Structures are given as C-alpha cells and as structure tokens.
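A short reminder: the numbers here are calculations on the coordinates, not readings from a lab. Source: prediction; values computed, not measured. Neighbour counts are summed over all protein chains in view; Cβ atoms, including those assigned to glycine, are modelled from backbone coordinates with ideal geometry.
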Amino acid sequence: MLARVCSSQLQLLRSSARPLLGRSLAAARPLVGTSRSRSSSPATAPGPEGETLDQELRRLASYGQTSVSLKATLDTGLGLLLAPACTNSTGLTKRQRTLIQIATFLKRELPVRLARRAVELQQLPEGLHNMRSVKRVREWYEHSFVDIRRSAMPVDVATEQAFHDLLHTIYERHAPTLVTMARGVHELRKEMLATNEKGEFADKREIHTFLDKFYMSRIGIRILIGQYLELHREDQLDGYVGLINRHTSPAEVFRQAVEDATYLCEREHGDAPEVVLMGRTDLTFSYIPSHLYYIMFELLKNSLRATCEHHGSKRQTLPVVKVIIADGENNEDVVIKISDEGGGIPRSHMQRIWSYLFTTAKPAFGGAEDGGFSSFGDHTTDTPLAGLGYGLPISRSYARYFGGDLNLMSMEGHGTDAFLHLPRLGNRDEPLH
C-alpha cells in the first residue's frame, strides 16, 4: 500500500511549485512585474582572475534577488510576458521562446540565491555549521552554484536543453535537504545535551530565525526550478501551467491528504478518526496543489494523531475531525479550517509549535546518516508520523510564500482549530531574504 500512497503523491508533486518571470534574452534588466532587493548587478559577469570559490560565493551573494508572484509565474508560463528579444526570435515556437527566456532568467537568478544560502550556512550560530548533516547541505549548495556558473548561457534550443538537464540533476540533488537539515538540528540538540548545556533548546531564537529564512528561500528555489522543469514536459496535465493548476480544487487535494494521513495514523496507532468535509467543495482557484497538499497533510496528520493519543481506549468511537472550506465571491482569501478534539495544546507551548527546534514526539532518525529516507523529497508519506520538528513551521512558510498565512487556536483539554488563509488573486510577491 505504501507504494500506492507514494505514487499518488508523485502526481501532486508535479503540480507543486512556483515560478519565474520574463527577463530579456539580451539584457540583464529586471523581470516584468517583479521587484528586486538591493543591487541588480548582472550575476553572469566573470569574477576577477584568481578568485576563489569562497570569494565568488560572497560576491554573488551581495547581488539582488528578483521577487516573483504566483500570477506572474503563471503568465510567464503561458508565454504572456515574452520579452521583445524572445518575441522576435525567428524559427522558434512560442513554447521554445518561453523556455529559453525562463532558462536565461534562472541562469542569472539561481547563482545569487544559492550563494546567499551557502554563505549563511558557513556562519550558523551555536555550532550548527559544524554538524555533519549541515556541512553536507552546504556542499550541495556549493556544488550546484559551481555547476550553474560554469554552464553555458541558454540562448538556443540546444543550450537550453543542456541547461534543463543540469537543473534536473540539481533538483534531485537537493531533494532530501529538509530531512538532512532537520537531522543537523537533531545532532546539535544531542551534542548540547551531552555537554549538559543549560537553557531550553527550543528557545534558541537565532537558530530558528536562520532556519525560517533558509527554508523559505528553499521553497522559492524549488519553485523556480520545478516550474521550469514541468513546463518542459510534453505530457502536462489538463489545467496545469508548470506546477500551477489554474483549477486547483481544495476538496480534491483534501481527499488525497485525508487518505494518506489516515493510512499513516492507522499504521502508527491501529485506528484513525473519521474526517468530514464541509463548505465550498466546488471551489477552484489558481494555486500549486503540492503546496496545499503538504499543508493539509501536516495539519490532518497532527489532528488524527492528537485525537488518537488523547482519547486512546477511553472511547469506542473517536470524535470526527472537521474540515470547512469557506469562500465568498468577493473574499480576498480562500480560508480552510481544520478542527479536532485532540486535547488541545498547552498555552506555554503555543509559541514553540512554530519553532524548528521543538517537537512533542520522539525524534525519528535512525542510525544511518540520512535517517533512512534521504531519497525522499518534501511531499512523501514514507517518513515517520512525527518527530522531525518542522511540519508546522514549514507548512506556515508554504502558506506565507505567496501572501497567505496559517494560524492555530487551541483549547487545552478539548482540541485545536487550524486556520489556513490563501490569497485568491495570486498577486503577492514572494518574500526575499
């Protein structure tokens, strides 16, 4: 059954990421409909002779990034924002011109984003940068940075195809980053406990702040690359433009998330409460289904687990988990509420639940360096039910990436309500760090 579950999610993965915008094929000017943070120096310019990798990373990290929105990503994928140099290209189809424009943008943008993260990974506080798993992640970022910097500019069909193949390799290389970084935090936690260091680990704000920025940036990089790779596919599913589904149905995503979360709950606890869906089950809007799936899956997984653990064998029938989809014709947000009777969260834990350093479950890592599941990406069910400590904060980052939000309200002794807000228009720019 596990193979079936993972296979079903791979379809959602194809619908999950975010995109980019049009940059002129001939010039390094800002993308249409986007904004830049800090300077806009061309990131493709060669460095001074004898420049070391560390110097090159720091130089590129000082350049500005280009912020994109969901709508701009969608319009670019549709070929609506082709730059003049691409529009006037002779002998090329509109799809080929679109892919070349996107590839050219990524050739300039990705080294800046990768360099910023690689430099930050060298400067982590509290000794986190010395953890073996964190060093491994830094090596991935440096390797990918070098690969892109040394690649040819994608100016025609042949060089664009070669660039696509390179980004596919890079996309796969970074798939286990979430789990590997979580393991690095776990390694630091163990080391601090072994040395009897005082203080609450979950309250290490400097580490949490870095991880929040790092994971938010990673979402952006995965969206940029994933959108481009999906646009390359000849077998795009109906309604999809890259990772974006113009008719994303929260109800359909919900049903898949319920099936997978229920399977995990039954595997861990031998039972699972019923989940009922109410409200606007016919609603559709433009969004990345895999992002919505990740959020719903994490929230449902938590609710099912809490309900089972709170009630245990005290009741023959577990109380249901309720999901409501609310949306009016003039609402600025699609709002989804998930309510459970899983006993709630103590008030003293409410801030900590958003920390990457806090978990109420036993850490899930085994003896292997990769924890036993390094080959899996962000949206797989073949990971332990709980214990990694990043489910809720990563879910909130996904929600916030395009201007939404995720909040919890809890009544200790009774249950928890989760409120997910997602903008309907998709015109909010991504946050840059």
* Asked: How many nm separate the modelled label positions at SER348 and GLN122, each set 7 Å beyond the Cα in the direction of the Cβ?
  -> 4.2
* Let me know the shape class of segment 209-260, please: from the alpha-carbon gyration tensor, a ≥ b ≥ c as square roots of the eigenvalues, rounded when a/c is under 1.5, otherwise prolate if a/b is greater than b/c, or oblate. => oblate
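Are there any trypsin sites (Lys or Arg not before Pro) in segment 207-313 that are in a DSSP loop and have at most 11 other Cβ atoms within 10 Å? List them by number.
Numbers: sites: LYS213, ARG218, ARG222, ARG233, ARG246, ARG255, ARG267, ARG280, LYS301, ARG305; in loops: ARG233, ARG280.
Passing sites in segment 207-313 are ARG233.
In square nanometres and to one decimal, what's the mean projected area of the convex hull around the Cα atoms of segment 78-142? Walk me through the intermediate numbers first.
On the way: hull surface 23.9 nm².
Computing the convex hull of the Cα atoms and averaging its projections yields 6.0 nm².
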* Asked: Hey, which aspartates and glutamates would be in cross-link range of LYS314, C-alpha to C-alpha under 16 Å, not counting anything within fewer than 8 residues on its own chain?
  -> ASP271, GLU341
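Taking a temperature of 10 °C and a viscosity of 1.306 mPa s, what whole-number D in µm²/s does Stokes-Einstein yield for segment 124-182 with Rh from Kirkwood over alpha carbon pairs?
Details: Rh = 12.9 Å.
This corresponds to a translational diffusion coefficient of 123 µm²/s.
Which of the GluC sites (Glu not before Pro) across segment 106-202 are loop residues per DSSP, with 16 or fewer other Cβ within 10 Å?
Numbers: sites: GLU109, GLU120, GLU126, GLU139, GLU142, GLU160, GLU172, GLU187, GLU191, GLU197, GLU200; in loops: GLU197, GLU200.
Taking segment 106-202 and a limit of 16 other Cβ atoms within 10 Å, the loop GluC sites (Glu not before Pro) found are GLU197, GLU200.
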* To do: Calculate the translational D of segment 53-238 in whole µm² s⁻¹ from Stokes-Einstein, where the hydrodynamic radius comes from the Kirkwood formula applied to all Cα pairs, the temperature is 20 °C and the viscosity 1.002 mPa s.
  => 118
* Beyond 23 Å between alpha-carbons counts as too far, so tell me which of LYS301/LYS337; LYS71/LYS94; LYS301/LYS322; LYS213/LYS301; LYS135/LYS190; LYS135/LYS301 fall in that bin. => LYS213/LYS301; LYS135/LYS301
